[in-house]
Amino acid sequence: MQHVPFDSTQVFIGGRWRAGDSGQTLSLANPSDGSELTRIARGGAADIGAAVAAARAALAGTWGALTAAERGRVLLKMSAKVLEQADELARLEALDVGKPLKQARADAVALARYLEFYGGAADKVHGQTIPFANGYTALTLREPHGVTAHIVPWNYPMQIIGRSVGAALAMGNACVLKPAEEACLTALAFARIAGEAGIPAGALNVVPGLGEEAGAALAAHKGINHISFTGSVAVGALIQTAAAKNAVPVTLELGGKSPQLVFADADLDAALPFLVNAGIQNAGQTCSAASRILVQRPVFDEVVRRMAERYAALRIGPALDDLDIGPVISARQREIVMGYLEVVKSSGLKVAAAAPMPASLPRGGYYVPPTLVADVDPAHRIAQEEIFGPVQAVIPFGDDAEGVAIANGTAYGLVAGLWTRDGGRQLRLARQLQAGQVFVNNYGAGGGVELPFGGVKHSGHGREKGFEALYGFSTLKTIAIKHD
Ligand code: NAD
């Protein structure tokens, strides 16, 4: 409890903090040692109902009356406050999620950047006039959906709140945010920052709670006008079903099995850090984790050897020790990842490297050994299923066509990376890859707040980040005026 400098057991509704309606709380674990970090409200349908009503009132009140420039200034103030408090936000995120402090701090800086980007963009989205029949003036307006629901996971709370709530507020929506039950401290801190920055009451409401309770109540609520969901494919299907019943639009940011393709002509010195980091960052619990590394045969052995050397040097420990890798989020997640490592063993696959697990790791922490598996058949489970842990499969390929076929050969399509010096191949393959984002001679572009992001196939639909999100978080009205 001593770690959290505010009462984490409350919900934030209509600009006020109060206990959840049921009065019940849930335990929040510290993944680094398995202890109870603090307790959070077990929000439920009554809290969600109150939050949606508060959001609706905000649209009809002060928040709805602000100009786009005024909304933008609120977001810019929030951005400045996030930066001022970045160290504290990073500490909370590290304790809550288990990610090393420097990764958590990068997330806080990204949150500030999202708020800066969307604060600056708020008054730069506009409609058009349309050449139409004589005697008419026709125009379009970009309008907010109304009340937007934001259901976010535990792996990157700050970044995902920044990209979805930031864009939704910029367009004038009023938000109800349901953070994940495994990690929600920075969502609560974010609400406090919004309050300090003077956001009008009800524009942002935060209700922690279980997915099947608060989350399901929010997704099914008849008073919401849009859902932004980031999480698993299975829950995404439930969300889309709930949205269909109320005919509201939904953005689904789901899982991935993202490949990086390394060609024989690639600059391997440049590629190597990206190949490994994109697999082990946040202990592999990243939707866009490069969990498949496809390597052209002439350089296959060299790439595996050099990746293995990097694995051997990885340092694992508690989040606040700020090493390379922390624990995974929960005992359940640990079990899932260890289950896949059992599959690796029982299938007789070749473990090219397993990072050393120090004896000093706190007992009770949810640590798993980062593992590199070589020569994996592209059809094998560990090359097809999202593991969400620090496990990478390295797969050999021959020519361009085979590389693309393997890359596209999963149910997912979130991100892909290409490492080649051949300009023609860069363009040709970037077009052929089934993914929402393709990076050439880099991976992730440092987060890319400005770059539209989202999936194809089971990775979801709709786009967040960049300017594109502003269109997603608004609806277009056409007006045709007959004046002659
Ligand atoms: P999850 O789907 O279990 O949970 C995500 C959120 O949904 C949580 O807030 C949870 O409380 C809520 N939820 C759970 N059941 C619900 C229900 N029945 N109704 C409404 N809400 C419910 O996902 P997770 O295990 O927490 O997160 C990991 C998954 O998220 C991975 O598949 C990962 O790839 C994906 N993810 C995707 C992106 C992206 O941008 N594409 C980013 C991060 C994570």
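Criterion applied to Ala290, Ala283, Ala331, Ala319 was being open to solvent by less than 10 Å² (accessible area, probe 1.4 Å), of a type in the set (A, V, I, L, M, F, W, C), within 16 Å of the ligand (Cβ to nearest atom) and at negative phi, and the one residue passing it is Ala290. Restricted to region 19-29, and to residues there that are out of contact with any helix residue (DSSP H, G or I) (no Cβ under 9 Å at 6 or more places or on another chain) and not aliphatic (A, V, I, L, M), the residue that is most open to solvent (accessible area, probe 1.4 Å) is Gln24.
For region 328-370, name all the residues that are of a type in the set (Ser, Thr, Tyr) and under 28 Å from Glu181 (Cα atoms). Answer for region 328-370, where residues must be of a type in the set (Ser, Thr, Tyr) and under 28 Å from Glu181 (Cα atoms): Ser330, Tyr340, Tyr366, Tyr367.
For region 30-53, the set of residues classified as open to solvent by 30 Å² or more (accessible area, probe 1.4 Å) and under 21 Å from Ala94 (Cβ atoms) consists of Asp33, Gly34, Ser35, Glu36, Arg39, listed by residue number.
Taking the conditions (1) open to solvent by less than 50 Å² (accessible area, probe 1.4 Å); (2) basic (Lys, Arg); (3) touching a His at 6+ places or on another chain (Cβ under 8 Å) in turn, Arg142 satisfies each one other than (1). Looking only at region 426-480, residues that are among the basic types (Lys, Arg), open to solvent by 30 Å² or more (accessible area, probe 1.4 Å) and touching a strand residue (DSSP E or B) at 6+ places or on another chain (Cβ under 9 Å) come to 3 in all. From the list Leu92, Leu83, the one residue that fits, being touching a Leu at 6+ places or on another chain (Cβ under 7 Å), at pLDDT 95 or above and assigned to a helix (DSSP H, G or I), is Leu92. For region 178-205, a tally of residues being surrounded by fewer than 24 Cβ atoms within 10 Å (Cβ to Cβ), out of contact with any Gly (no Cβ under 8 Å at 6 or more places or on another chain) and not hydrophobic (A, V, I, L, M, F, W, C) returns 4. Every test in (1) within 15 Å of the ligand (Cβ to nearest atom); (2) closer than 12 Å to Ile13 by Cα is passed by Val165 save one, and that test is (2). Checking Asp422, Asp375 one by one, the residue that is over 30 Å from Asn30 (Cα atoms), open to solvent by 60 Å² or more (accessible area, probe 1.4 Å) and in contact with a Leu (Cβ under 8 Å, 6 or more places away or on another chain) is Asp375 and no other. Of the residues making up region 206-243, those that are open to solvent by 50 Å² or more (accessible area, probe 1.4 Å), within 6 Å of the ligand (Cβ to nearest atom) and within 17 Å of the chain's Cα centre (by Cα) are Ser232, Val235.
Within region 216-231, the set of residues being under 21 Å from Asn155 (Cα atoms) and in contact (Cβ under 8 Å) with a residue 40 or more places away in the chain comprises Leu218, Ala219, Ile227, Ser228, Phe229, Thr230, Gly231. Give the residues of region 1-38 that are acidic (Asp, Glu) and either within 21 Å of Ile199 (Cβ to Cβ) or touching a Cys at 6+ places or on another chain (Cβ under 8 Å) (or both), sorted by residue number. Result: Asp7, single match. Is it the case that region 427-446 has a residue that's over 21 Å from Ala289 (Cβ atoms), touching a Gly at 6+ places or on another chain (Cβ under 8 Å), part of a loop (DSSP other than H, G, I, E, B) and away from the ligand (no atom under 16 Å from the Cβ)? Scanning region 427-446, I find no residue that is over 21 Å from Ala289 (Cβ atoms), touching a Gly at 6+ places or on another chain (Cβ under 8 Å), part of a loop (DSSP other than H, G, I, E, B) and away from the ligand (no atom under 16 Å from the Cβ), so the answer is no.
Report yes if Glu302 is touching a residue at least 40 places away in the same chain (Cβ under 8 Å) and either within 14 Å of the ligand (Cβ to nearest atom) or not β-branched (Val, Ile, Thr) (or both), otherwise no. No: the conditions fail for Glu302.
One residue alone among Ala110, Ala133, Ala121 is out of contact with any strand residue (DSSP E or B) (no Cβ under 7 Å at 6 or more places or on another chain) and more than 25 Å from Thr251 (Cα to Cα), and that residue is Ala133. Pick from region 180-205 the residues that are assigned to a loop (DSSP other than H, G, I, E, B) and within 10 Å of the ligand (Cβ to nearest atom): which of them is farthest from Leu92 (Cα to Cα)? Taking the candidates together, the pick is Glu181.
The values are calculated or read from the model by the stated rules, or taken from the named source; none is laboratory data. Computed from a predicted model, the values in this text were never measured in an experiment. In this analysis, Cβ positions are derived from the backbone assuming ideal geometry, glycine residues included, and neighbour counts consider all displayed protein chains. Only protein heavy atoms, including side chains, enter the accessible area calculation; ligands, DNA and RNA are left aside. Shrake-Rupley method; radii C 1.70, N 1.55, O 1.52, S 1.80 Å.
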